[in-house]
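Engineer: Once you've had a glance at the structure underneath, I'll fire off some questions.
The values are calculated or read from the model by the stated rules, or taken from the named source; none is laboratory data. Computed from a predicted structure; not experimentally measured. Please note: Cβ atoms are built from the backbone with ideal geometry, for glycine as well, and neighbour counts cover all protein chains shown. These accessible areas exclude ligands, DNA and RNA; they are computed on the full protein's heavy atoms, side chains included. Shrake-Rupley method; radii C 1.70, N 1.55, O 1.52, S 1.80 Å.
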Amino acid sequence: RLALDYDCASVCILPYYLKRSAEILKGSTVKASTTIGFPHGGHTTAIKVAEAQRALEDGGQELDMVVNISKVLSEDWDYVRQDIKGVIDVTHGHGQKVKVIFENCYLQDEHKIKLCEICGELGADWVKTSTGYGTGGATIEDLKLMRAHSPARVQVKAAGGVRDLDKLLEVRALGVT
């Protein structure tokens, strides 16, 4: 109800409450959103796809999926690609959108670049810096890197660290949406 009062972009809520949230938001411009594979991305791909399917059936319009951080650090790019693809395919199949969360505080630049390339190839709607559960949020350096290595059609989301108007204007100037 607060999101409706302030006309927020979306409400990202725990999966068990998504259905009720979607009911409350129905007919508004505020999107019902939840997380997939949260917070560490360690769920199997089949579980992430099942989570996404359930969320979509419950009225989810934007899904925030966490990459499998261990597989990224191991550079098992085939696994990472199939994991992300599974969630994107089911979500786009329902006409909805996906944000892919990297958890940048644990990654090297080469990991972030490869993830941006994979997400661009697969048609992710956003790449996102963090979950809020890691040791750090969005940094200017990461946002520049992600914008530079993502196709224009893939939005970049800064999660964590944008706390005032000056910082908001700074990240917007980088092309962060």
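Engineer: Of ASP109, ASP76, ASP58, which residue is over 21 Å from TYR133 (Cβ atoms) and open to solvent by 70 Å² or more (accessible area, probe 1.4 Å)? Working first, answer last.
Structural biologist: On the way: ASP76 fails: open to solvent by 70 Å² or more (accessible area, probe 1.4 Å); ASP58 fails: open to solvent by 70 Å² or more (accessible area, probe 1.4 Å).
Matching residue, one of ASP109, ASP76, ASP58: ASP109.
Engineer: Another question about this same structure. Among the listed residues LYS85, LYS99, which satisfies the condition of being more than 15 Å from HIS40 (Cβ to Cβ) and open to solvent by 50 Å² or more (accessible area, probe 1.4 Å)?
Structural biologist: LYS85
Engineer: Under 6 Å between Cβ atoms, at least 6 apart or on separate chains: pull out the pairs that start in the stretch 140-151 with a residue that is touching a residue at least 12 places away in the same chain (Cβ under 8 Å) and end on any residue that is hydrophobic (A, V, I, L, M, F, W, C) and in a helix (DSSP H, G or I).
Structural biologist: Qualifying pairs under 6 Å: LEU143/VAL171; MET146/CYS116; HIS149/ILE113; HIS149/CYS116; SER150/CYS116.
Engineer: Also: Please state which of the following conditions ARG153 fails to meet, knowing it meets all the rest: (1) in contact with a strand residue (DSSP E or B) (Cβ under 7 Å, 6 or more places away or on another chain); (2) at pLDDT 95 or above.
Structural biologist: Checking ARG153 against (1) in contact with a strand residue (DSSP E or B) (Cβ under 7 Å, 6 or more places away or on another chain); (2) at pLDDT 95 or above, the one that fails is (1).
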